[in-house]
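Chemist: Please see the structure below; I have some questions.
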Amino acid sequence: MMSYIASLIVFFLLLFFALSVMRAALRIVPQQQAWVVERLGKYSRTLSPGLNIIVPFIDRVAFRFDTREVPTEVPPQVCISLDNTTLTVDGFLYLQITDPVKAAYGSNNPMNAAMQLAQTTMRSEIGKLHLDQALSSRQILNTAVAASVDEAATNWGIKVLRYEIKDITPPAEILRAMELQITAEREKRAMIARSEGQRQQQINTSEGQRQQEINIADGRRQAEVLRAEGEAKAIELVAAATATAIRRIGESAVTDGGMAALQMQLAKDFIGQWGNLAKQGTSLIVPANLGDVGSIIGTALRMVRAEQPAGAIIPSDTAASPPSASGSRPIPPAPTVPTAG
């Protein structure tokens with residue numbers, strides 16, 4: 001019975017030892033991780049993700065690295081710009097382990113080494129710029145720091161993906177001065193914009209007035225042209241009507257009794273115009289033989305006869321002017337006498 005129990009204890013001990021050895025020999029590496037194995041204190045190999053077997057009591061996992069991108073916060077630090085202005089700068093450094101062997105044996109603490117290098121590089125880059133340039137050149141600073149750290153971190157098995165500045169804080173006095181400067185600049189831009197608006201308004205007003213005057217002048221010109229055309233048309237119509245009337249008078253004068261009617265019309269017009277002379281003006285120009293009305297009418301008739309065509313029948317003065325009841329010949333109507341105003 002005692003031998004059976006001893007055998008059972010030995011079996012369980014052997015089983016426990018076998019399980020311990022198996023557990024020590026089997027290693028399951030998670031995804032995106034790399035384990036560095038040393039054999040008797042010397043680098044042996046790097047375990048890839050999945051199930052791996054090592055030699056118990058001879059091999060050991062010395063380093064475990066996460067190969068994913070790791071954001072590392074860079075603590076705030078005081079930097080001095082080219083114009084001797086102090087700035088407090090902090091940021092984030094994004095790193096990734098690409099070579100586990102170099103990360104294990106290239107530096108004691110590669111992450112901390114990259115962070116310290118980023119701080120020193122930032123101080124150096126800030127010292128090359130003035131305050132305004134440092135505040136407005138974040139992308140330039142980020143690129144410079146990332147390139148400098150990445151170049152040095154190659155020996156540490158680290159890849160610097162990017163560097164991002166979180167805050168750049170000038171002193172309180174500089175902040176107040178910047179606020180005053182910004183306020184003055186905005187007021188300046190507002191005054192310039194206001195003056196530009198007034199200038200544009202004046203230009204638009206003057207252009208409107210100029211166009212208005214041009215339109216008025218063009219309207220007046222067109223009105224004058226239309227008025228002149230109307231007057232010319234009226235004169236043309238009056239001339240045409242006068243020519244027609246004269247032609248008809250001439251045609252009527254060569255008919256029977258036409259000259260007598262013309263003589264009577266001339267005498268009537270002469271008497272009518274002579275009666276209006278004193279009403280229309282104070283200065284008169286009259287012929288020397290004004291009392292001899294018959295002579296004036298005769299002269300007018302002779303002018304009419306002189307213009308008649310050959311062969312026209314023109315009544316004589318005796319026929320055209322029948323004697324009056326007293327036996328004397330009636331005085332023919334005098335022509336119209338113009339007045340001088």
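Chemist: Looking at Leu131, Leu141 in this structure, which one is within 37 Å of the chain's Cα centre (by Cα) and within 11 Å of Leu87 (Cα to Cα)?
Modeler: Criteria check complete, one pass: Leu131.
Chemist: So, one more: From Ala25, Ala6, Ala18, which residue is more than 30 Å from Asn142 (Cα to Cα) and either at pLDDT 90 or above or in contact with an Asp or Glu (Cβ under 9 Å, 6 or more places away or on another chain) (or both)?
Modeler: Ala25
Chemist: Within the stretch 1-44, take every residue that is among the hydroxyl-bearing types (Ser, Thr, Tyr) and within 27 Å of Gln96 (Cβ to Cβ) and give me the one that is surrounded by the fewest Cβ atoms within 10 Å (Cβ to Cβ).
Modeler: Per the stated criteria, the residue is Tyr43.
Chemist: Sticking with this one: Taking the stretch 84-107 as the search range and keeping residues that are among the aliphatic types (A, V, I, L, M) and more than 43 Å from the chain's Cα centre (by Cα), which one is nearest to Lys128 (Cα to Cα)?
Modeler: Leu93
Chemist: As an exercise: evaluate Phe57 against (1) modelled with pLDDT of 90 or more; (2) not in a strand (DSSP E or B) and give the number of the one condition it does not meet.
Modeler: All conditions pass for Phe57, except number (1).
Chemist: May I pose another question? Tell me yes or no: at least one residue of the stretch 50-59 is surrounded by 13 or more Cβ atoms within 10 Å (Cβ to Cβ) and polar (S, T, N, Q).
Modeler: Scanning the stretch 50-59, I find at least one residue that is surrounded by 13 or more Cβ atoms within 10 Å (Cβ to Cβ) and polar (S, T, N, Q), so the answer is yes.
The values are calculated or read from the model by the stated rules, or taken from the named source; none is laboratory data. Nothing here was measured: the structure is a model prediction, and the numbers come from that model. Glycine gets a Cβ as well: all are built from the backbone with ideal geometry, and neighbour counts include every protein chain shown.
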